[in-house]
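Notes to accompany the following structure.
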Amino acid sequence: MNHSFKIKNKGWIDISGRGDATSFTHSTVISKDGTVIGYKSTGRGPGVIVLHGALSSSDDLTHFAQELADSFTVHVIDRRGRGISGPQGNEYSIRKECEDLTAVQEATGATYLFGHSFGGLVALETARMNNLFTKIALYEPGVSINGSIPTTWFPKYEKALNKNDTYGAFAFFVRAFSPVNSMKLVPIWYLKLILRIMLRKDHWKHMERLLPESLNEHKEVGRLDSTFSHYSAIEADTLLIEGGKNPESMGSTMRVLDQTIPNTKTLVLPKLSHLAPNNRNSPEVVGQQVKQHFLS
């Protein structure tokens with residue numbers, strides 16, 4: 001597939017004010033459908049592209065990027081629909097996400113790739129269609145096998161969004177993904193109250209604006225349910241990382257991927273949850289493991 005891309009709008013920003021090791025350049029490319037895709041770059045050395053998950057942006061993986069920056073030039077993409085990138089668009093699909101990733105890869109020349117959650121699914125879908133990356137690391141990619149990632153929450157979530165009841169929408173999401181069975185019995189009104197108390201205002205504002213995008217992304221996860229056999233075409237040396245604080249369904253998914261992708265290594269980090277790569281969790285632990293994989 002032939003593409004024509006342009007790099008635009010380079011400038012310096014500093015995420016934490018701690019000097020060169022944590023300074024990011026800001027760049028954009030134009031994806032195949034004309035959407036602007038932005039990314040932040042830091043470090044020096046071989047190129048690594050980083051893809052965040054749902055309800056996240058490049059801002060959530062800056063600390064993770066800094067763990068790699070002493071050995072690699074790290075490019076953290078704002079996937080379409082957030083940050084410095086353009087909107088998802090009316091014809092959104094994971095194919096467009098793959099085109100966005102391809103645009104950044106062609107602009108940067110990066111041959112290493114990290115994906116978290118939905119970003120991991122984008123990484124897998126891109127890697128199966130071309131051979132752009134020699135090494136891939138995935139932290140709990142958002143791959144659904146036999147309905148392992150639920151979809152029954154979609155209608156109530158969407159109805160709540162249409163009423164501008166964002167806490168209600170997120171409550172349906174939280175209840176659907178909770179590993180605790182008793183959570184399914186918690187009334188939505190009560191869960192909304194708990195979320196209002198527990199979520200920090202700045203963190204909630206960051207997620208709230210991404211609730212519509214998250215629905216579209218999870219619809220793609222559902223559409224791709226049980227299509228994992230396609231990943232047998234992936235040639236890259238792939239590291240599969242799982243946190244130990246997750247439902248057994250995640251472990252089952254990782255085992256299936258390990259059996260399907262030809263060149264894999266698996267790693268379980270017992271004390272980590274699904275959000276470990278994000279700034280508020282354990283990005284340094286995941287980052288060190290990813291670095292070792294890319295350096296090996």
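What does the charge count near residue 296 come to, summing +1 for each Lys or Arg and -1 for each Asp or Glu among other residues with Cβ under 13 Å from its Cβ? Walk me through the intermediate numbers first.
Numbers: positive: 135, 265, 291; negative: 237.
Taking every other residue near residue 296 into account, the sum is +2.
Provide the net charge surrounding residue 269, with neighbours chosen by a C-beta distance below 13 Å and charges set as Lys +1, Arg +1, Asp -1, Glu -1.
That works out to -1.
What is the Å³ per residue value for the convex hull set by the Cα atoms of the chain? Before the final figure, lay out each step's value.
Values: hull volume 37.6 nm³, N = 296.
Each residue corresponds to 127 Å³ of Cα convex hull volume.
Considering only the other residues whose Cβ falls under 12 Å of the Cβ of residue 228, what net charge follows from Lys and Arg at +1 and Asp and Glu at -1?
On the way: positive: 128, 255; negative: 125, 225, 258.
Charge balance near residue 228 sits at -1.
Quick one: of the DSSP bridges fully inside the chain, what percent are antiparallel, nearest 5? Each step should come with its number before you reach the end.
Working: 17 of 42 bridges.
Percentage antiparallel, nearest 5: 40.
Divide by every residue of the chain the summed helix terms, -39500 (n - 2.57) for each DSSP H run of at least 4, and state the resulting mean residue ellipticity at 222 nm, rounded to the nearest 500 deg cm²/dmol. Present the calculation step by step, with values, prior to reporting the outcome.
Values: 10 runs with 113 residues, N = 296.
-11500 deg cm²/dmol, from helical runs alone.
Just to be sure I understand: of the beta bridges DSSP finds with both ends in the range 28-95, what percent are antiparallel, rounded to 5?
Values: 8 of 13 bridges.
Of the beta bridges lying entirely in the range 28-95, close to 60 percent run antiparallel.
With +1 assigned to the C-beta of every Lys and Arg and -1 to the C-beta of every Asp and Glu, and no other charges, what is the dipole magnitude of the range 120-171 about the Cα centre in debye, to the nearest 20?
Working: 5 positive and 4 negative charges, 8 e Å.
That gives the range 120-171 a dipole magnitude of about 40 debye.
Could you pull out the GluC sites (Glu not before Pro) across the range 51-153 that fall in loop regions by DSSP (anything but H, G, I, E, B) with no more than 15 other Cβ atoms inside 10 Å? Could the numbers behind the result be given before it?
Working: sites: 67, 91, 97, 99, 106, 125; in loops: 91.
Here the sparse-neighbourhood loop sites are 91.
Compute, for the range 177-257, the length of the dipole vector about the Cα centre, with Cβ point charges of +1 (Lys, Arg) and -1 (Asp, Glu) only. Units Debye, rounded to 20. If you can, show how the numbers build up before the last one.
On the way: 11 positive and 10 negative charges, 134 e Å.
About 640 debye.
Please state, as a whole number in µm²/s, the translational diffusion coefficient that the Stokes-Einstein equation yields for the range 58-162 at 37 °C and 0.692 mPa s, with Rh defined as the Kirkwood radius across alpha carbon pairs.
Approximately 215 µm²/s, per Stokes-Einstein.
Determine the relative contact order of the range 154-219: mean sequence separation of Cα pairs under 8 Å and six or more apart, normalised by residue count, in whole percent. Intermediate values should be presented prior to the final figure.
Working: 37 pairs, mean separation 21.1, N = 66.
Taking the mean separation of contacting Cα pairs over the length of the range 154-219, I get 32 percent.
Tell me the volume per residue, in Å³, of the convex hull enclosing the alpha carbons of the range 154-219. All intermediate terms of the calculation are to be shown ahead of the outcome.
Values: hull volume 6.0 nm³, N = 66.
Hull volume over Cα atoms, normalised by residue count, gives 90 Å³.
Just to confirm the filter: which GluC sites (Glu not before Pro) across the range 158-266 are DSSP coil and have at most 16 other Cβ within 10 angstrom of their Cβ?
On the way: sites: 158, 208, 213, 217, 220, 235, 242, 248; in loops: 235.
Taking the range 158-266 and a limit of 16 other Cβ atoms within 10 Å, the loop GluC sites (Glu not before Pro) found are 235.
Do any trypsin sites (Lys or Arg not before Pro) in the range 154-244 lie in a loop, going by DSSP, with at most 16 other beta-carbon atoms within 10 Å of their beta carbon, and if so which? Write down the numbers at each step before the final one.
Details: sites: 156, 159, 163, 175, 184, 192, 196, 200, 201, 205, 209, 219, 223; in loops: 163, 200, 209.
Within the range 154-244, the qualifying trypsin sites (Lys or Arg not before Pro) (loop, at most 16 other Cβ atoms within 10 Å) are 163, 200, 209.
Select from 68, 90, 229 the residue farthest towards the positive end of the dipole of the chain; place +1 on Cβ of Lys and Arg, -1 on Cβ of Asp and Glu, and compute about the Cα centre.
Of the candidates, 90 comes out farthest on the positive side.
So how strong a dipole does the chain carry about its Cα centre when Lys and Arg Cβ are +1 and Asp and Glu Cβ are -1, to the nearest 20 debye? All intermediate terms of the calculation are to be shown ahead of the outcome.
Working: 33 positive and 29 negative charges, 154 e Å.
Dipole of the chain, to the nearest 20 debye: 740 debye.
Where a number appears in this text, it was derived from the coordinates with a stated rule and is not lab data. Since the model is a prediction, treat every value here as computed from it, not as a measurement. Glycine gets a Cβ as well: all are built from the backbone with ideal geometry, and neighbour counts include every protein chain shown.
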